[in-house]
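Below is one structure, written out as structure tokens, with a few remarks after it.
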Amino acid sequence: MLTDIHVQLEQLIALQRSAEHVALINKRSIQTTNAGGYLSRFRGRGMTFEETRAYQAGDDIRFMDWRVMARTGRAHTKLFCEERERPVFIVLDQSTSMRFGSRVTFKSVVAAQAATIIAWAAVRQADRVGGIIFHNSDFQAIKPRSRKQGVLPLLRQIVRMNHEQPGFAAVPQLEHVLKQLRHICHPGALVFLISDFNGLTPVAEQHLRSVAEHSEIIACFVSDPLEREPPPKGFYQITNGEKKWQFDTNSGAFCDEYRQQFIQHYEEVKKAFASQRIPLIDIATPDEVASVLYQSLIKLRGVGKK
């Protein structure tokens, strides 16, 4: 039984409590420019010297280590560490294929809840939060900002996109969104992709690869049990509001093909992300979203509130 097919702003704000135990902390150093709680390899003055390494194209020549260069005959630059805040980008899919659910709620609602919990967790850890919310025919980019100045505009756009009619046109919107992400995503950022990835085309994978070169990405794959397994034996009629289909689950061959279509899609998604060493978190519509994120991120990072 479905209880919610849309999200409300008040519900998303209330999820702030659910984010209290969700930890996004990464032990790795990052590259960014605002004060916060993470070590950053940012080149500048008045910071603690960390190490010297071979010069790379693009390094600031003001921080060349001339003594090491004179001794080795090779150009070296100094690295400094300083605590920095990190931009967290949330890319949330609210397209047609996400407006589906057989238990509890729609995939679009579960995805919105996941995005919200991640956003509140980022704010709680003094990160800047922003992202891109999209459906088939529109997208909205929100610049990363600190505290509630960042999360509330994001939540309002989630609600707006969730309530809008995305249309039924098969538009590869994920390609366009990931292309935009390449231009607005800061080096060292943490990116969460939340979708069923029905729009993960080869072009989208190319843009994904470009983002992964300078940012950390975590993907959340959203599904519904009815996508994995056909309904009980019987004859069914379904519609998307424009077209109607009929299918018979008394047929073993049909049921096998039904399962195989999902397995094929899921394996393709897993392979695409694995090739970029991007972890994949599974979230299903009956799941308690905060618990899934908490357990999955602990497993990925080895951190979490005791």
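Structure notes:
- Residue in segment 130-153 that is among the aliphatic types (A, V, I, L, M) and assigned to a helix (DSSP H, G or I) present: yes
- Flag for Ser97 being touching a strand residue (DSSP E or B) at 6+ places or on another chain (Cβ under 8 Å) and not β-branched (Val, Ile, Thr): no
- Selected residue [surrounded by fewer than 20 Cβ atoms within 10 Å (Cβ to Cβ) and under 25 Å from Val109 (Cα atoms)] from Leu226, Leu200: Leu226
- Of the helices (runs of 4 or more DSSP H) lying entirely inside segment 162-254, those containing at least 2 residues that are touching a strand residue (DSSP E or B) at 6+ places or on another chain (Cβ under 8 Å) are 173-184, 202-212.
- Ala141 vs. criteria surrounded by fewer than 21 Cβ atoms within 10 Å (Cβ to Cβ) and modelled with pLDDT of 90 or more: yes
- Residue match in segment 134-147 (condition: in the same structural domain as Val177 (by TED's automatic domain parsing), in contact (Cβ under 8 Å) with a residue 60 or more places away in the chain, out of contact with any Asp or Glu (no Cβ under 7 Å at 6 or more places or on another chain) and aromatic (Phe, Trp, Tyr)): no
- Hey, Val91 touching a residue at least 24 places away in the same chain (Cβ under 8 Å), surrounded by 21 or more Cβ atoms within 10 Å (Cβ to Cβ), assigned by TED's automatic domain parsing to the domain that holds Ile13 and not in a helix (DSSP H, G or I) or not: yes
- Filter result for Ser195 (of a type in the set (S, T, N, Q) and buried (at least 23 other Cβ atoms within 10 Å of the Cβ)): yes
- Among the candidates Val22, Val91, the residue that is in contact with a strand residue (DSSP E or B) (Cβ under 6 Å, 6 or more places away or on another chain), under 27 Å from Ile133 (Cα atoms) and at pLDDT 75 or above is uniquely Val91.
- Residue check for Gly150: buried (at least 22 other Cβ atoms within 10 Å of the Cβ) and over 22 Å from His186 (Cβ atoms): no
- Within segment 208-216, none of the residues are of a type in the set (Gly, Ala, Ser) and surrounded by 22 or more Cβ atoms within 10 Å (Cβ to Cβ).
- Qualifying residue in segment 35-53 (condition: closer than 23 Å to Ala212 by Cβ, outside the structural domain of Ala112 (by TED's automatic domain parsing), at pLDDT below 85 and among the hydroxyl-bearing types (Ser, Thr, Tyr)): yes
- Looking across segment 279-306, the residues that are under 20 Å from Met98 (Cβ atoms) and in a loop (DSSP other than H, G, I, E, B) come down to Thr285, Pro286, Asp287, Glu288.
- Among the residues making up segment 241-260, those that are under 20 Å from Arg228 (Cβ atoms), under 32 Å from the mean Cα position of the chain (by Cα) and surrounded by fewer than 13 Cβ atoms within 10 Å (Cβ to Cβ) are Asp256, Glu257, Gln260.
The values are calculated or read from the model by the stated rules, or taken from the named source; none is laboratory data. Keep in mind that what you see is a predicted model, and the values were worked out from it rather than measured. FYI the Cβ positions are ideal-geometry reconstructions off the backbone, even for glycines, and counts take in every protein chain you see.
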